[in-house]
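Down below is the structure, laid out as structure tokens.
The values are calculated or read from the model by the stated rules, or taken from the named source; none is laboratory data. This structure is a prediction, so every number in the text was calculated from the model and none was measured. As a convention, Cβ positions derive from the backbone with ideal geometry for all residues, glycine included, and neighbour counts pool all protein chains shown. For the accessible areas, the whole protein counts, side chains as well, though only heavy atoms, and no ligand, DNA or RNA atoms are used. Shrake-Rupley method; radii C 1.70, N 1.55, O 1.52, S 1.80 Å.
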Amino acid sequence: MKRVFNGIIFDQALSHTENPLALFRNTLAQGAETLEQGFRDAVPVSTLISLRAKLIDSLLQRAWQRNMPEDTGAALVAVGGYGRGELHPSSDIDLMILVEADERDRLTENLEQLLTFLWDIGLEVGHSVRSIAECVEEAKQDITVTTNVMESRLLAGNQNMLRQMREATSPDKIWPSDQFFQGKWEEQKARYDKFDDSATNLEPNLKEGPGGLRDIQTVGWVAKRYFGCDTMHGLVGHNFLTEMEYESLMEGRSLMWKIRFALHLLTGRREDRLLFDYQRALAQEFGFVDQEHSLAVEQFMQRYYRTAIRIERLNERLLQLFEEAILLENQPAEILTINERFQARNGFLEVSNDNIFKHYPFALLEIFLLLQLYPELKGVRASTVRLIRSHRHLIDDQFRENPRAKSLFMEIIRQSNGVTSELRRMNRYGILSAYLPVFSNIVGRMQYDLFHVYTVDEHTLFVVRNLRRFAVASRVHEFPLCSDIISRQPKPELLYLAGLFHDIAKGRQGDHSTLGAKDARDFCNKHDLSDYDSKLVTWLVKNHLLMSMTAQRQDTSDPDVIYNFAKKMGTITRLDHLYLLTVSDTRATDPKKWNSWKDSLLKDLYTATMRAMLRGLERPNDINEQIQEKQHDASEELQRAGVSTDEINNLWTTLGVEYFLYSSVEEIVSHTQFILTNQEHTGPQINLRSKTGRGGSEVVIYSQDRKGLFAVTTALLDRLCLNVVDARIETTSNAFSLDSYRVLEDDGSAVTDRDREQKIIKTLKDGLNNPDQVNLSVARRIPRQQKHFQTPTQIDFSQDPANQRTILKLITVDQPGLLAQVGHAFGRCGVNLKAAKIATIGAEAEDTFFITGEDKKPIEDPDKLQCLHNSIMQQLESGD
């Protein structure tokens, strides 16, 4: 690697040049180029960030000499990361200029010249100008100032001033070590809160996020304040870190540094967020390539996540050790014997001696059971956590076959409390992966999409948590039906096992449901579950996507769909368990995306299937009988509201059989009242029901039938930032159209604001009264994250002869105006839409349309289907 800075050559050039600013600027640029090439040539990143700091040191020292008088009462001090001698390509250059109080006025002009010169040569510096007294006062008020002072390093000027400042801000003067530790701990908690307390966010911050560089720095700051350690290795000498832990921490820091260095080079600026914009490029930079079962970006991010998790856990353990040494040092020890292997010390569980795990390996599982049995315990002492991690190697095949170990694991799963918290603790300590080797594959594994917001292991444990919450009395109000169902299950642990295994094969070659079912069956057999229980868990894992896919992609108001789904269930026990697992799984994918519509989809499928199974699958429900029941109930309710039988019958005779088959009693009543109230009015009539039994809000349009109505309506709804999740189009015998759209706000909620309701109605009325003036192209910005996901468009047709319709399935990238473009294609090809189910999965739209030709029959003509295919593709490509 070339030399980054040659002081002799630079000084010679400086003494002869008439343009020192250009010399400084060029030297800075050449140094940056040399460092970048060094990175490409695999020079250790620790060397590179140190060399950049030294380059900046050299330039700043010479700039100080040129702009400041000799023997001045001032000092140029590097602080923060620069004070540590760590500078990435675009890192902040933080400076503190110490001045004697009586020198400030005299030096003001010199300091302004210096700072202007630094900006002119291309250095973006953060600076403060303070006297020692001001520095001390600031440090007293702000722990971050104290932290900066601790890492201060003299660059130029009066060395005695820096020494005085350090003495005045030492622990015996301000921020004693116990207060400093408490302050830094609170600071970290606040920082974690900003990132949802997770090291595995989709777009993590590798500096500030949990498991990032700041976690390592926090440990270093506390160590420096309490022990006076200038390096992290000093903690090894104080028995706070083992040599192996130190090496692990330094290895993690090295990777974080390397990623940060590459990120700065890639973006050309200070950037610490691993945004989707950069993840693919970084994966390529680090040598990852796509594999059949795993994308390069997923492999890269898994390496990052696993490193961040390791740093986060080391940070947690070290801060707990600091707490015991600094805050709890003088507390009298209150020891309570739990059994011969464990005791509680001041409320924290610990081993009775350091050889417990060596002599009793099964205690590596027993400790988690004890935490469940003694919920008053606050946690595990850090020294015992270290012993757990250092004895993980004892969990081998022989351990896993040990009856006592198997019994302990099942006892943990069967406990009435603490299942989720202890599984998470087992995951943090590395025990869950040790006991279930197949689980290790999903630790830190991300899925490169916008649908899954957690890594697979985190998602899995959230599923178990959601299942557990159904059984918690204080949470019955959240999901009453789920709580009622789980209360009737004699062995809820079977659900927890299904949750634990449902995604365990993600990232492996092959169908993860099938592979996971095999893993689940092997586990159940080894843990002596009955044949019945083993088959139930295995079936749940294999079919864990069946209910959500049916609810999202099929017309669940179709009796045949319910009948076929019920046949696949086979038993009510399977239906109960699958419903609970599906709700928990869907909520754990992205809790913010759960809404009343998804709740209703699954609940309606569950209740309809339950009715079919209770009635008996050997005698499917007669369609005419269903319709008669609905009409009877709706008619009674309407008559109670003052609607005459003649009015009801006159309207209902214009509606087809399908309308009554697919609509609920609530909808039939609402639609009938709306139409009868507005039948004398001219033009399209609009109604909006803010909350409905099926979730979300319902927009109902009753108008004379005409081509392009669906395209215009969906374009208007899109402009209103409403998401259509379901649509039904009913053409009456008197040439009217009764259209129902289920819509949600962008945040997944129903429309509740009255002014918002009126705006929606007015916008629809204006647009539908003047359809030729509605531009079907929706100019709405695509979210930044979504731009990085490409979904090839897929269009598939199938026939549904029982319902006299054709089914079109469209998979494409989600985009503004999508439904309007599809509707425009329908109009061009003479296609009538009967119903639509709209599903958005991350950045991908998976929409299902139930269509007919203009003759109200299925579309079987290959030329017409090809016309529709081509027209949709053309619309999506052009966006017109």
(message) If I filter segment 627-640 down to residues being in contact (Cβ under 8 Å) with a residue 12 or more places away in the chain and closer than 30 Å to L580 by Cβ, which single residue comes out as most open to solvent (accessible area, probe 1.4 Å)?
(response) D633
(request) Would you tally the residues in segment 641-667 being surrounded by fewer than 18 Cβ atoms within 10 Å (Cβ to Cβ), closer than 20 Å to T692 by Cβ and among the charged types (D, E, K, R)? (result) 1
(message) Take the residues in segment 407-417 that are at pLDDT 95 or above and open to solvent by 20 Å² or more (accessible area, probe 1.4 Å); name whichever of them is nearest to P361 (Cα to Cα).
(response) S407
(request) Report, ordered by the first and then the second residue, all pairs with beta carbons closer than 9 Å, sequence separation of six or more or different chains, a first member in segment 587-603 that is without any contact (Cβ under 8 Å) to a residue 60 or more places away in the chain and closer than 10 Å to A551 by Cα, and a second member that is assigned to a helix (DSSP H, G or I) and of a type in the set (G, A, S). (result) L602/S548; L602/A551
(request) Within segment 111-124, count every residue that is in contact (Cβ under 8 Å) with a residue 40 or more places away in the chain, open to solvent by 40 Å² or more (accessible area, probe 1.4 Å) and either part of a helix (DSSP H, G or I) or closer than 23 Å to E138 by Cα (or both). (result) 2
(request) Residues being in contact with a Pro (Cβ under 8 Å, 6 or more places away or on another chain) and surrounded by 13 or more Cβ atoms within 10 Å (Cβ to Cβ): count how many of those fall in segment 733-769. (result) 3
(message) From the list S697, S690, exactly one residue is open to solvent by 30 Å² or more (accessible area, probe 1.4 Å), under 25 Å from D847 (Cα atoms) and either in contact with an Asp or Glu (Cβ under 8 Å, 6 or more places away or on another chain) or at pLDDT 90 or above (or both). Which is it?
(response) S690
(request) Under 6 Å between Cβ atoms, at least 6 apart or on separate chains: pull out the pairs that start in segment 359-376 with a residue that is assigned to a loop (DSSP other than H, G, I, E, B) and end on any residue that is modelled with pLDDT of 95 or more and not small (G, A, S). (result) Y360/R341; P361/L394; P361/F399; F362/R404
(message) T34 - would you say it is closer than 22 Å to E124 by Cα and among the β-branched types (V, I, T)?
(response) yes
(request) Output the residues belonging to segment 480-496 that are in contact (Cβ under 8 Å) with a residue 60 or more places away in the chain, open to solvent by 30 Å² or more (accessible area, probe 1.4 Å) and not charged (D, E, K, R). (result) L481
(request) Filter segment 15-70 down to residues that are farther than 30 Å from I259 by Cβ, assigned to a helix (DSSP H, G or I) and open to solvent by 20 Å² or more (accessible area, probe 1.4 Å), then give me how many there are. (result) 11
(message) Take residues that are open to solvent by less than 50 Å² (accessible area, probe 1.4 Å) and closer than 30 Å to Q141 by Cβ and tell me which of the helices (runs of 4 or more DSSP H) falling wholly in segment 160-279 contain 2 or more.
(response) 177-194, 213-227, 234-237
(message) Can you find, within segment 514-551, the residue that is nearest to L432 (Cα to Cα) among those that are touching a His at 6+ places or on another chain (Cβ under 7 Å) and part of a helix (DSSP H, G or I)?
(response) G516
(request) State all residues of segment 372-413 that are touching a Lys or Arg at 6+ places or on another chain (Cβ under 9 Å), charged (D, E, K, R) and over 30 Å from E334 (Cβ atoms); if no residue qualifies, say none. (result) R400, E401, K406
(message) Of everything in segment 280-295, what is within 20 Å of the chain's Cα centre (by Cα) and open to solvent by 50 Å² or more (accessible area, probe 1.4 Å)? Give them in sequence order.
(response) R280, L295
(request) Examine segment 441-452 for a residue that is among the aliphatic types (A, V, I, L, M) and either touching a Leu at 6+ places or on another chain (Cβ under 8 Å) or surrounded by fewer than 18 Cβ atoms within 10 Å (Cβ to Cβ) (or both), and state whether such a residue exists. (result) yes
(message) With the requirement that a residue be assigned to a helix (DSSP H, G or I) and open to solvent by less than 10 Å² (accessible area, probe 1.4 Å), what does segment 497-512 give you?
(response) L497, A498, G499, L500, F501
(request) Being open to solvent by 30 Å² or more (accessible area, probe 1.4 Å), among the charged types (D, E, K, R) and under 24 Å from Q626 (Cα atoms) is the filter here, so list the residues in segment 555-592 that pass it. (result) D560, K567, K568
(request) Scan (1) open to solvent by 80 Å² or more (accessible area, probe 1.4 Å); (2) in a helix (DSSP H, G or I) for the single condition N330 breaks and write down its number. (result) (2)
(message) Show the residue pairs meeting these rules: Cβ distance below 6 Å; 6+ apart or different chains; first residue within segment 733-756 and part of a loop (DSSP other than H, G, I, E, B); second residue open to solvent by 70 Å² or more (accessible area, probe 1.4 Å) and not hydrophobic (A, V, I, L, M, F, W, C).
(response) A735/D705; A750/K691
(message) Can you pull out every residue in segment 536-552 that is modelled with pLDDT of 95 or more, in contact with a Lys or Arg (Cβ under 8 Å, 6 or more places away or on another chain) and over 15 Å from I413 (Cβ atoms)?
(response) T538, W539, N543, L546
(request) Go through segment 706-724 and give me each residue that's outside any loop (DSSP other than H, G, I, E, B), farther than 19 Å from L876 by Cβ and open to solvent by 30 Å² or more (accessible area, probe 1.4 Å). (result) none
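Can you tell me which residue within segment 593-626, out of those that are touching a helix residue (DSSP H, G or I) at 6+ places or on another chain (Cβ under 7 Å) and closer than 28 Å to A843 by Cα, is surrounded by the fewest Cβ atoms within 10 Å (Cβ to Cβ)? Spell out how you get there, then give the answer.
Start the filter on segment 593-626 by keeping residues that are touching a helix residue (DSSP H, G or I) at 6+ places or on another chain (Cβ under 7 Å), which leaves 594, 598, 601-603, 605-606, 608-610, 612-613, 617, 620-621, 623, 626.
After this cut, where a residue has to be closer than 28 Å to A843 by Cα as well, the list is 594, 598, 601-603, 605-606.
Details: W594: 16, K598: 22, L601: 25, L602: 22, K603: 20, L605: 23, Y606: 24.
Out of the qualifying residues, it is W594.
Return the residues of segment 87-108 that are assigned to a loop (DSSP other than H, G, I, E, B) and surrounded by 21 or more Cβ atoms within 10 Å (Cβ to Cβ); say none if nothing qualifies.
Answer for segment 87-108, where residues must be assigned to a loop (DSSP other than H, G, I, E, B) and surrounded by 21 or more Cβ atoms within 10 Å (Cβ to Cβ): L87, H88, P89, S91.
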(request) Return yes or no: is E698 touching a residue at least 12 places away in the same chain (Cβ under 8 Å), within 44 Å of the chain's Cα centre (by Cα) and within 21 Å of R805 (Cβ to Cβ)? (result) no
